[in-house]
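The values are calculated or read from the model by the stated rules, or taken from the named source; none is laboratory data. Keep in mind it's a predicted model, so treat the numbers as computed, not measured. When we count neighbours, we look across all protein chains shown, and the Cβ atoms used for this are built from the backbone with ideal geometry, even at glycine. Note: areas computed on protein heavy atoms with side chains; ligands, DNA, RNA excluded. Shrake-Rupley method; radii C 1.70, N 1.55, O 1.52, S 1.80 Å.
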Amino acid sequence: MTRGKLAWIVLGLVLLACVLNLPARLFFLRPTLPIIRLWFDPEEQNRRQFPEVPHDLLRATEAALPPYARLLLITAGKDVRRREYITFHRALYLLAPRPVWWLAPAPPDGTWESRWWISAPLTPERVRAVAAEKQTDYVLVCDAPDLTLPGRKLVEMKEGHLLQLQAEAALPIDQSVRAQWAGKLWPLQIALAVAVIMLLGQMAVSVAARAGYRATGVEAAALAWALGAGLVSVICLWLNGFSVRLQGQMVVLSLIGVVGLIARWRWCEKRGPRDEHLSRPRVNAARALLLWLLAAQAILVTCMAMGRPLQVWDSWVNWGMKARAIFLEGYLSPAIYTDASRAVTLPGYPLLVPLIEAWFYGWLGAPDDRFAGMLAIMCYLALAGIGYAAVRRWGGSQTRALLVVVTIASIPYIARLAEMVLAEVPLIVMAAIAALYLLEWYERGTKGALLIAALGAGFMPWTKQEGWVLLAALCAALLITGKGRRRALVGVAACVAGAVLIAGPWYVLIAVKGIANPAFSPLTWATLQANINRLAFIVWAELRSLVSLNWGFLWPLAAVFGWQSWRSLGWRAINLLPVTALIYLGLMTLTYLFSDYAPYQQHVVSSVDRVIAPVAIFPLLWIAYYGSLGEEVKKLSIRPPCEGEG
């Protein structure tokens, strides 16, 4: 059997496994349908989605509290690891940007959850002492009817009551009514928000074209979204540093986008001949089936990501909470990353996702978290476009490129990450851009491709902290596969420079502020020695994930392909992809040795799939490369430049 045939058989088996998993995904959709049907009644959606939480009490508290009040939440201590834990986080979310502290009589048990409540008896004297220590003037009592405190009740319901401890020191209440949900013009508002991001991204694509790499069609659109989202978030951060509020940022970025559009018309009015490698696919029976599968996956992801408010823990605790606070305050205030009451939200995390979600809220005029899923959906589609363009550049037919795209979109856990609106989806896209266009630079020496790769590499650590590990793995892999050649060294330097310029300022800021990640212990030799016995469990959990249906059995099938074909594969630049994946997985395995989560096993099990996600499509694209080239290596197509590019 030839190498090309084996490659497409392997890809077909991966797609088959992914498609066979589709009924299971539809099964998980069924219990969500009652919530999705309530899309036009978002308050009821929230009640149904978080039945453990006194939603109406928190809403009434939000309306009664001054905008900069400090609150002490008191719970009964009967279910601190579940119901009360969620209530505390929803209070932080719905009452943002106000500081919220949590007091419960339950003793700490050494777990991660117990870090966040203040353990104290529910006596008036002790409560007032804690309130004084945390400088809180308001107390919200939930499910603790026996607690009687002096003060003025502002809200009283059966689930609890809000109390003002010092009535004579009342803060002024903002009487203006702020919309919580998008109005009837939301389709136009969302379209404008997306359009500005695309315009900023298209400017980067146009600069790359003038540097020798011209993207067209689906590739240009995919790059415009991914790079535009990164640029908008970075520019918002810098404008915030110059005291420009969110509304002003929207105006400035819109003007930049319009100017860029006008400049693009002037510079690139004549486009030259059409690039056949990226032309729109002509539909036949096979392509129609693949397009139908792609549309089905996209519809399912959209229904889950936008059909309900943010539901998965990290999507609203680590990302949505910051986005809501940025919108409500109108800027990125230091409280978001320095307020001790928000330590549970991991304040040192980078801000691409929260800033883009806040960007959508700014255009909607409301912190409507049903629309936070737009970022994940657009990145999910962009990933498909980038994968399609890569296979076509490598000489693959339209049908085979569609097969690869549908396989990427159908990988169960990638689709689930998009449905859960987690930061891993933008990280996957940025990692794919960095690796694929770095490969293009190494093989062809195209400066425009190097620019795109540097931007993608810079946006990786700006999306998640794991982006630094990805950057290290990518650079190491390029040095290995490039054998130290000049282009490899230049590529590494460009990617490192992109990361330092784009993400560096944020990490300098959190270092200056002394903000540590509470989920990890310091990276010291003593910690490594103390936790080295964890390694067997971590490796076993990772291997179990790699061979699971979550990835459509991609990893074991890729191993089979490599084993069967290694004699004919040779040492090509495309090996950058699997080498990057292996180095990254090895480094991320070691990071769990420094986990400060208790118990650490829970940390590993809950996040190991998400650790694998950023490099999950690398082995798939590696196989597709050899399947596209067949027995003889074809030269990559030369793109017709815009007139005047030279």
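So how do Ile480, Ile299, Ile336 rank on accessible area, 1.4 Å probe, biggest first, that is with the largest at the start?
Ile299, Ile480, Ile336
Label points 7 Å out from Cα along the Cβ direction at Arg82 and Trp540: separation in nm?
Each label point is offset 7 Å from its Cα along the Cβ direction, giving 2.8 nm.
Given axes a ≥ b ≥ c from the Cα gyration tensor, I'd like to know whether the range 201-240 is rounded (a/c under 1.5), prolate (a/b larger than b/c) or oblate.
Judged from the Cα gyration tensor, the range 201-240 comes out oblate (a/c at least 1.5, b/c at or above a/b).
Would you list Tyr388, Tyr507 from the most to the least accessible area, probe 1.4 Å? Intermediate results must be reported in sequence, preceding the final value.
Numbers: Tyr388 15, Tyr507 40 Å².
Listed by decreasing accessible area, they come as Tyr507, Tyr388.
Through the Karplus equation 6.51 cos²θ - 1.76 cosθ + 1.60, θ set to phi - 60°, convert the phi angles of the range 404-419 into ³J(HN,Hα) values in whole Hz; use x for Gly and Pro.
Per residue, the Karplus-derived 3J(HN,Hα) values read 5, 4, 5, 5, 4, 5, 9, 4, x, 6, 5, 4, 5, 4, 5, 5 Hz.
Hey, can you grab everything whose amide H is under 5 Å from the amide H of Arg70? Only 5+ residues off in sequence or another chain; H modelled, so Pro and N-termini drop out.
Amide H to amide H, under 5 Å and 5 or more residues apart or across chains, Arg70 pairs with Asp137, Tyr138.
At a probe size of 1.4 Å, how large is the accessible area of Cys236, to the nearest 10 Å²?
We get 10 Å² for Cys236.
Can you list the HN-Hα couplings for the range 56-66, worked out from phi with the Karplus curve (6.51, -1.76, 1.60; θ = phi - 60°), rounded to whole Hz and with x for Gly and Pro?
With the stated coefficients, the range 56-66 comes to 5, 5, 5, 5, 5, 5, 4, 6, 8, 7, x Hz.
For Thr32, what is the net charge nearby, where nearby means another residue's Cβ is under 12 Å from its Cβ and Lys, Arg count +1, Asp, Glu -1?
Surrounding charge for Thr32 is +4.
Give, as a single signed number, the net charge of other residues whose beta carbon lies under 12 Å from the beta carbon of Leu451, with Lys and Arg counted +1 and Asp and Glu -1.
Net charge in that neighbourhood comes out at +1.
Can you give me the C-alpha center-to-center distance between the range 371-400 and the range 24-41, rounded to a whole angstrom?
26 Å
Sorted from largest to smallest, which semi-axis lengths in Å does the alpha carbon gyration tensor of the range 1-113 give for its equivalent ellipsoid, taking the root of 5 times each eigenvalue?
Values: eigenvalues 393, 81, 42 Å².
Semi-axes, largest first: 44, 20, 14 Å.
Could you tell me the calculated FRET efficiency between Lys483 and Ala179, based on Cβ-Cβ distance and R0 = 35 angstrom, to the nearest 0.05?
Step by step, r from the Cβ atoms, then E = 0.05.
Can you give the convex hull volume per residue for the Cα atoms of the range 290-417, as a whole number of Å³?
Roughly 117 Å³ of hull volume per residue.
In terms of solvent-accessible area of protein heavy atoms at a 1.4 angstrom probe, what is the ranking of Glu62, Glu424, Glu443, highest value first? Can you show the working numbers first?
Details: Glu62 40, Glu424 5, Glu443 65 Å².
Sorted descending by solvent-accessible area, the residues read Glu443, Glu62, Glu424.
Within a Cβ distance under 12 Å of Ala494, other residues only, what is the Lys/Arg minus Asp/Glu net charge?
Details: positive: Lys447, Arg487; negative: none.
Result for the local shell: +2.
Using a simple spin-label model with points 7 Å from Cα along the Cα→Cβ vector, what separation in nm is obtained for Ala24 and Ser119?
3.9 nm
Plugging the Kirkwood radius over Cα pairs into Stokes-Einstein for the chain, at a temperature of 25 °C and a viscosity of 0.890 mPa s, what D comes out in µm²/s?
The calculation lands on 94 µm²/s.
Could you give the nm distance between label points at Ala530 and Leu188, where each point is 7 Å from its Cα heading toward the beta carbon?
It is 6.0 nm.
Which translational diffusion coefficient, to the nearest whole µm²/s, is obtained for the range 447-569 from the Stokes-Einstein equation, given a Kirkwood hydrodynamic radius over C-alpha pairs, 25 °C and 0.890 mPa s?
139 µm²/s
Decide, for the range 395-495, between rounded, prolate and oblate: order the square roots of the alpha carbon gyration tensor eigenvalues as a ≥ b ≥ c, take rounded if a/c falls under 1.5, and otherwise choose prolate if a/b is larger than b/c, else oblate.
Verdict is oblate for the range 395-495.
Relative contact order of the chain: what whole-number percent is it, with Cα pairs under 8 angstrom and at least 6 residues apart?
Result for the chain is 19 percent.
Counting each DSSP H run of 4 or more residues in the chain as -39500 (n - 2.57), what helix-only mean residue ellipticity at 222 nm follows after dividing by all residues, to the nearest 500 deg cm²/dmol?
Helix contribution divided over all residues of the chain: -19500 deg cm²/dmol.
How would the range 38-180 be classified by its alpha-carbon gyration tensor: rounded, prolate or oblate, with rounded meaning a/c under 1.5 and the a/b versus b/c comparison settling the rest? Provide the component values of the computation, followed by the final result.
On the way: a/c = 1.76, a/b = 1.10, b/c = 1.59.
Here the range 38-180 falls in the oblate category.
Residue by residue through the range 183-189, what is 3J(HN,Hα) from phi via Karplus (6.51 cos²θ - 1.76 cosθ + 1.60, θ = phi - 60°)? Round to whole Hz and write x for glycine and proline.
So the J values, rounded to whole Hz, are x, 6, 8, 4, x, 5, 5.
Specify the inter-centroid distance of the range 499-535 and the range 581-600, based on alpha-carbon positions, in whole Å.
About 12 Å separates the Cα centre of the range 499-535 from the one of the range 581-600.
For Ile118, what residues show an amide H to amide H distance below 5 Å, using hydrogens built from the backbone and excluding near sequence neighbours?
Trp102, Leu103, Ala104
Measure nothing but the geometry: give the 0 to 90° angle between the long axis through the Cα atoms of 3-20 and the longest principal axis through the Cα atoms of the chain, rounded to 10°.
Its long axis makes an angle of about 30 degrees.
Find the lysine pairs in the chain meeting two conditions, Cα atoms under 19 Å apart and a separation of 8 or more places or different chains, and report how many there are.
Pairs that pass both the separation and distance tests number 6.
Mind giving me the FRET efficiency for Asn284 and Ile262? R0 is 56 Å, r the Cβ-Cβ distance, nearest 0.05 is fine.
The value I calculate is 0.90.
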